[in-house]
Structure formats: structure tokens, C-alpha cells
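Novice: Sharing a structure with you now.
Just so it is clear, none of the values below were taken in a lab; they were calculated from the coordinates. In this text the structure is predicted, and so the values were computed from the model without any measurement. When we count neighbours, we look across all protein chains shown, and the Cβ atoms used for this are built from the backbone with ideal geometry, even at glycine.
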Amino acid sequence: MEKSKRFTELIVWQKAHEFVLGVYSATKMFPKEELFGLTSQLRRAAVSIPANIAEGYRKRGKMDKARFFNIAEGSLEECYYYMILANDLGYANTENLKGLLNEVGKLLNAYSKSILTSIS
């Protein structure tokens, strides 16, 4: 298997980026009074997922890589809560986004495990 040359080739990054695009689209419909509240918090946490995957991708040491992927996992859980909140407040139906987020979580977990158990 050939090693990827850029983080953009990672399926986990591609799915996380797709999630961010979905979040931006969904939050356009949030009430204007949420602009500096839930809209801002959700977007920030969503962007943190692929951003930390990208940053961790170039780190050389396993533990350094794993730390960035762990930060991405934390942001993923934060987003999951915001998805629940947005749905419960009636701002958006977040089921599709939660499904995508679950997929990103599984991929991220598998990628992190493979990094930690790799020989080099």
C-alpha cells in the first residue's frame, strides 16, 4: 500500500471536511441570535476535526500524531453534543450530520489505532 502524500488523500479527512461543509450549510438556518453562540461554537468545533487531522498528518512521532488525532476526537464529541442541542432546539434536523460524524469517528479511531500500533 502506497503512503499518502497529502492529508487530503486520507478518507478520514475527506469525510471530516464533508461534515464541516454540512455544518456550515445547516448553521446558515440557525436564528441570528445564535451567531455568536451555538453557530460559532459548532463551526469552530467542526473545523477543528479536519484541521487537527491535517496538522497531525505531518507530525513525525507516533505520540505527537496521536495527540492531534485525540484532539480531533475531542472536537468530534463536542460536535456530537451540539448536534443533539441544535436538534432539540428545533434549529435543524441533525440526523444526517450525526450519521456522518459517527462515520468520521470510526475512521478516526481506526486511523489512530493504526498509527499507535505501527512499527515505524
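Novice: Arrange the following residues from fewest to most other Cβ atoms within 10 Å of their Cβ: Tyr111, Tyr80.
Specialist: If I rank by nearby Cβ atoms, fewest first, I get Tyr80, Tyr111.
Novice: Another one. Starting from one equal scatterer on each C-alpha and no solvent at all, send me the Debye-based log10 I(q)/I(0) for region 51-91 at q = 0.25, 0.31, 0.32 Å⁻¹, two decimals.
Specialist: Debye intensities relative to I(0), on a log10 scale: -0.73, -0.92, -0.95.
Novice: By counting other Cβ atoms within 10 Å of each Cβ, how are Leu116, Leu101 ranked from fewest to most?
Specialist: Leu116, Leu101
Novice: Where q = 0.12, 0.17, 0.23 Å⁻¹, what log10 of I(q)/I(0) comes from the Debye formula for region 9-117, counting one point per Cα?
Specialist: Log10 of I(q)/I(0), two decimals: -0.39, -0.72, -1.16.
Novice: With angles folded into 0 to 90 degrees, how steeply does helix 40-57 sit against the dominant principal axis of the chain? Use alpha carbons for both and round to 10.
Specialist: 10 degrees
Novice: Using only Cα atoms, locate the centre of region 50-67 and the centre of region 6-34, then give the distance between them in Å, rounded to an integer.
Specialist: Their Cα centres are 20 Å away from one another.
Novice: Region 7-42: which trypsin sites (Lys or Arg not before Pro) are DSSP loop and have at most 16 other beta-carbon atoms within 10 angstrom?
Specialist: Lys28
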